[in-house]
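To keep things clear, I will list the structure first and then write my remarks on it.
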Amino acid sequence: MKTIKPLLREPRVVIAGGFLLILLLIALFAPYIAPKDPLEQDLMLGNMPPANYPGAEPGYYLGTDDLGRDVLSRVLYGSRIALTVAFVAASLSAIIGTLLGLAAGWYGGWADRVISRLVDIWMAFPPVLLSVLLVAVIGSGLHSVIAAIVIIDWTRFCRVVRAETMAQARLDYVMAAQVIGFSRSHILWREILPNVGPVLIALVSLEMGIAVIVEAILSFVGLSLSSDIPTWGGMIAQGRQMIHQGWWVFVFPLLALFATVLAFNQLGNGLRTALDPVMRR
């Protein structure tokens with residue numbers, strides 16, 4: 001209860017969290033919410049404008065693309081891919097990066113030197129370029145996209161957790177635990193990790209936004225899923241080619257992408273403010 005109250009007092013957590021909760025429900029129930037089959041084509045209805053525009057077709061609220069597929073349904077189904085990548089990739093990156101960061105920050109010595117050098121080498125590569133290269137080598141597909149994001153972004157968690165662990169290790173409560181006689185592993189998992197948690201939670205939320213962007217970029221260049229499967233990046237790429245004939249194919253998935261990434265970023269910043277006792281003061 002003490003943790004929930006600061007969260008509810010932070011507007012960014014309430015607004016962004018509420019938006020993402022609604023988006024999650026949309027993604028889960030997309031088959032029941034979407035008015036049309038996102039893969040159904042009707043060339044006779046190609047490039048129909050959104051509702052209330054001249055020439056609009058009833059039932060196609062956001063219009064159709066050049067193949068006559070319903071844009072609204074495709075945007076709704078695209079949220080499933082975006083959120084799947086966001087949650088899975090961010091969680092796996094957090095687990096790997098946190099474990100290595102805790103080991104480097106707490107045990108130090110050769111473990112810290114090896115892990116820190118590995119992080120430095122990994123972060124020397126441009127992340128987007130490396131993700132494109134990895135997917136091109138591994139092959140397209142949802143699992144490949146998630147693997148590429150995890151391989152790249154674990155370093156962000158590792159660096160932050162390592163620095164926070166080293167800072168926590170110098171505090172009085174850790175010294176008191178050592179005097180009492182707790183083992184090093186007990187101190188790490190029962191004392192330090194819970195205090196690193198607030199920073200980690202905020203970082204996970206920010207990482208979800210980054211994962212959504214990376215997936216959209218890979219879809220945009222045709223390295224994510226099949227072009228038939230609705231993804232926001234793929235829809236943006238398609239709409240860019242026909243923006244003068246059907247701007248709605250480009251604009252609506254772009255707005256969905258922008259709003260989702262903004263919500264993840266604001267949620268992460270709000271969580272950091274609400275959970276960090278120093279920032280609350």
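The values are calculated or read from the model by the stated rules, or taken from the named source; none is laboratory data. Note that the structure is a prediction, hence the values are computed from the model and not measured. Cβ: placed from backbone, ideal geometry, glycine included. Neighbour counts: every protein chain shown. Surface accessibility is based on the protein's heavy atoms, side chains included, excluding ligands, DNA and RNA. Shrake-Rupley method; radii C 1.70, N 1.55, O 1.52, S 1.80 Å.
Would it be correct to say that P49 is out of contact with any helix residue (DSSP H, G or I) (no Cβ under 6 Å at 6 or more places or on another chain), surrounded by 16 or more Cβ atoms within 10 Å (Cβ to Cβ) and in a loop (DSSP other than H, G, I, E, B)?
Yes.
Among the residues of segment 205-251, write down those that are part of a helix (DSSP H, G or I) and charged (D, E, K, R). Listed by number, the residues that qualify are E207, E215, R240.
For segment 199-219, residues that are open to solvent by less than 40 Å² (accessible area, probe 1.4 Å) and touching an Asp or Glu at 6+ places or on another chain (Cβ under 9 Å) total 5. Going by what's in this entry, would A202 be described as within 18 Å of the chain's Cα centre (by Cα) and part of a helix (DSSP H, G or I)? Answer is yes for this residue.
Residues in segment 1-42 that are over 19 Å from the mean Cα position of the chain (by Cα) and small (G, A, S): 2 in all.
Based on what the data block shows, is G68 surrounded by 15 or more Cβ atoms within 10 Å (Cβ to Cβ), touching a strand residue (DSSP E or B) at 6+ places or on another chain (Cβ under 7 Å) and not acidic (D, E)? For G68, the condition - surrounded by 15 or more Cβ atoms within 10 Å (Cβ to Cβ), touching a strand residue (DSSP E or B) at 6+ places or on another chain (Cβ under 7 Å) and not acidic (D, E) - is not met.
Any residue that is over 27 Å from S224 (Cβ atoms) and crowded, with 19+ Cβ neighbours inside 10 Å - is there at least one of those in segment 125-134? No, because not a single residue in segment 125-134 is over 27 Å from S224 (Cβ atoms) and crowded, with 19+ Cβ neighbours inside 10 Å.
Within segment 183-211, residues that are closer than 20 Å to S93 by Cα have Cβ atoms under 6 Å from residues that are in a helix (DSSP H, G or I) and open to solvent by 60 Å² or more (accessible area, probe 1.4 Å) in these pairs: A202/R272, counting only partners at least 6 apart in sequence or on another chain. The residues listed here are S79, S116; of these, the one that is open to solvent by less than 10 Å² (accessible area, probe 1.4 Å), of a type in the set (S, T, N, Q) and part of a helix (DSSP H, G or I) is S79.
Candidates K36, K5: the one that is in a helix (DSSP H, G or I) and farther than 18 Å from S205 by Cα is K5. Residues considered: G222, G234, G239. Of these, the only one that is closer than 28 Å to P54 by Cα, open to solvent by 20 Å² or more (accessible area, probe 1.4 Å) and not aliphatic (A, V, I, L, M) is G234. Beta carbons closer than 6 Å, at least 6 apart along the sequence or on distinct chains, pair a first residue in segment 110-122 that is more than 13 Å from L99 (Cα to Cα) with a second that is charged (D, E, K, R) for V119/R159.
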